[in-house]
1. Can you go through Pro156, Pro198 and tell me which one is modelled with pLDDT of 95 or more and either assigned to a helix (DSSP H, G or I) or within 18 Å of Lys84 (Cβ to Cβ) (or both)?
2. Going residue by residue through segment 98-105, is there one that turns out to be in a loop (DSSP other than H, G, I, E, B) and within 21 Å of Glu74 (Cα to Cα)?
3. Restricting attention to segment 107-119, does a residue exist that is touching a residue at least 40 places away in the same chain (Cβ under 8 Å) and assigned to a strand (DSSP E or B)?
4. Pairs please, first residue from segment 52-81 and of a type in the set (Val, Ile, Thr), second anywhere and crowded, with 18+ Cβ neighbours inside 10 Å and assigned to a helix (DSSP H, G or I), Cβ atoms under 6 Å, 6+ apart in sequence or on different chains.
5. Is it the case that Val31 is touching a strand residue (DSSP E or B) at 6+ places or on another chain (Cβ under 8 Å), modelled with pLDDT under 95 and β-branched (Val, Ile, Thr)?
6. Taking segment 43-72 as the search range and keeping residues that are in a loop (DSSP other than H, G, I, E, B) and of a type in the set (Lys, Arg), which one is nearest to Ala120 (Cα to Cα)?
7. With the requirement that a residue be within 19 Å of Phe152 (Cβ to Cβ), at pLDDT 95 or above and of a type outside the set (Asp, Glu), what does segment 79-108 give you?
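The values are calculated or read from the model by the stated rules, or taken from the named source; none is laboratory data. The shown structure was predicted, so the numbers you read here are calculated from the model rather than taken from an experiment. So basically every Cβ, Gly included, is an ideal-geometry build from the backbone, and we count neighbours across all protein chains shown.
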Amino acid sequence: MQRREFIFALSGLAVGFALRSGSAFAGNKVVIMQFSDDGKPLRAVTLDKVVRDLEWKKRLSPLAYHVTREQGTEPAFSVPGYDKHEPGLYRCVCCDNALFDAATKFDSGTGWPSFWQPVAPQNVREIADHLFGMTRTEVQCALCDAHLGHVFDDGPKPTGLRYCMNSVAMKFLPHGHGNNARPDNEARHASSSLFNSPPHAGERAKVSLREFHVKWG
């Protein structure tokens, strides 16, 4: 935990750290960073939490709804795109909030898309998860509370973190798709220039066989 706090301090993201702990949420309001579809940071905005359960039930696939709204998990290696490394932006499938830049994606060998940091810490929320008799750190979309996956301390440099996400919880927009901010979304901090460069494309997180079976999204 100290390592994560240190990382955010280096990035100048004190607000983001407060959001991670839940202390910066005020009622149904949340502060996120907006991004263009090309991954360019735009502005920090305060928005109402997005709650559209009836719409999500109609619009999302049964698996996507189960994962995002019922804390489910897709089977490993089952959803195309987990190993995609094309430049682009990953948004929440429920509310379009910007979540991850493909530049921070790496091959973890787990069968789920893995990233070493979110596009902006205030765009995701990390909470304790005690399901199945173990303690993990769940990652949710800060704007709509969609379950995305979990974060672990066995990732590559520069952060040492592995954000193990569900493919169906996100939609991928390749760079060049567009340049407009989405209405319900997004993120990246103005101090993004402090973010470190991604690891080599072939670098893999060191995940033991036990972790492979236990530490799933």
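1. Details: Pro198 fails: modelled with pLDDT of 95 or more.
The match here is Pro156.
2. no
3. Taking segment 107-119 as the starting set, the residues that turn out to be touching a residue at least 40 places away in the same chain (Cβ under 8 Å) are 107-110, 112-119.
If we keep only those that are assigned to a strand (DSSP E or B) too, we end up with 114-115.
There is at least one residue in segment 107-119 that is touching a residue at least 40 places away in the same chain (Cβ under 8 Å) and assigned to a strand (DSSP E or B).
4. Val67/Val168; Val67/Ala169; Thr68/Ala169; Val79/Ser167; Val79/Val168
5. Working: touching a strand residue (DSSP E or B) at 6+ places or on another chain (Cβ under 8 Å): yes; modelled with pLDDT under 95: no; β-branched (Val, Ile, Thr): yes.
Judged against the criteria, Val31 is not a match.
6. If we filter segment 43-72 for residues that are in a loop (DSSP other than H, G, I, E, B), which is where we start, we get 49-52, 60-61, 71-72.
Now drop any that are not of a type in the set (Lys, Arg), which leaves 49, 52.
Values: Lys49: 17, Arg52: 24 Å.
Here the residue is Lys49.
7. Tyr90, Leu99, Phe100, Thr104, Lys105, Phe106, Ser108
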